[in-house]
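Read-outs: derived from the displayed coordinates by stated rules, not from any lab. This structure is a prediction, so every number in the text was calculated from the model and none was measured. Reconstructed Cβ throughout: ideal geometry from the backbone, glycine too, with neighbour counts over all protein chains shown.
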Amino acid sequence: MDLQALLDDLAAESALFAAQGRVADYIPALAAVDPARFGIALATMEGRLLGSGDWQAPFSIQSVSKAFSLALVLARDGEALWRRVGREPSGNPFNSLVQLEYEKGIPRNPFINAGALVLVDRLLSLAGDALGTLRAFLREESGNPEVDVDGEVAASEAAHGHRNAALAHFMASCGNLENPVEVVLDHYFRQCALAMSCADLARAALFLANHGLRADGSRLLTRSESKRINAVMLTCGTYDAAGDFAYRVGLPGKSGVGGGILAVLPERGVLCVWSPALDAHGNSIAGVEALDRFTTRTGWSVF
């Protein structure tokens, strides 16, 4: 199969679908991003890196970062995490306050905003610097030492992060945060504002396709831990549209409101797609369509 030709086809077909969505304008720094941008990259277990469109352009990774935070916390803390956050699909918007209150400050899964705040809090306790630990890991695994925070996006998120602050304060009131709310929020906003390209993200996530082995051959996760992260990505990684994503794409995936989607092809490689125009759930419309078409044409899925 000519994978490069397939990626080129997907990039050429993207414009029609991108026009159907809208960028995440509730974060002002993201509102100015051109909704017609599209990139797709494939990093394979054999060391190939292919891409098309804007696949080398950095963008705000937003909630895609949560998959890596989960890996770092599990690597250090093991199963202890699951006493503070669940593993079930939310069925509600990613920033729901109602569900968190009903469940007494225990987030439904680590990929909704409340769950990701718990990840940041725990990584702060374990490593002392949640953002720095994550950034160093992403630089090493992607091979790009320039990976860093987009300061404008981070400031924009902090200035408009009232809902996230409410989630954090509520969890603190329930005893489910260990560190000061302001510190947790600062690391969280800057983590979401990390800028990476499709190529960077695809390479950085190869450990999830390789049963927890890092780029240098060292082990970050056990095979079981890697399996579990992929399982939670499949069932919870695309907000309250995870069922539709699993139905259409058939891969573990993690999306972000910057328009990026990471998708794991176990024992084959990792796909990353970026298109900033989102659907009502916060997922890239052209990105989901491209991943759907990729798995349909290749037959590569977990099913």
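Side notes on the structure shown:
- Helix axis angle, 223-236 relative to the chain longest principal axis, alpha carbon, degrees: 90
- In degrees, nearest ten, helix 285-298 long axis to first principal axis of the chain (Cα): 50
- Length added when fully stretched, residue 87-residue 231, from 0.36 nm per residue minus Cα-Cα: 50.9 nm
- Cβ-derived FRET efficiency at R0 41 Å, residue 140 paired with residue 247, nearest 0.05: 0.75
- Loop exposure criterion: GluC sites (Glu not before Pro), DSSP state outside H, G, I, E and B, at most 10 other Cβ atoms within 10 Å. Applied to the chain, the longest stretch between such sites is 147-266.
- Where no second cysteine Cβ lies under 4.7 Å, the cysteines concerned in the chain: 174, 192, 236
- Relative contact order %, the range 204-303, counting alpha carbon pairs below 8 Å whose residues are six or more apart: 23
- Relative contact order, percent, the chain [alpha-carbon distance under 8 Å, six or more residues apart]: 28
- Helix 181-192 axis, angle to the chain major axis (alpha carbon atoms, nearest 10°): 0
- Taking other C-beta atoms within 10 angstrom as a stand-in for reagent exposure, 162, 169 fall in the order 162, 169, fewest first.
- Between the beta carbons of residue 129 and residue 224, assuming R0 = 25 Å, the FRET efficiency works out to 0.35 to the nearest 0.05.
- Length released on extending from residue 216 to residue 9, taking residue separation times 0.36 nm less the Cα-Cα span: 71.2 nm
- By other beta-carbon atoms within 10 Å, ranking 173, 52 with the fewest at the front produces 173, 52.
- Computed extension length for residue 158-residue 97: 20.1 nm, one decimal, from 0.36 nm per residue of separation with the Cα-Cα distance subtracted.
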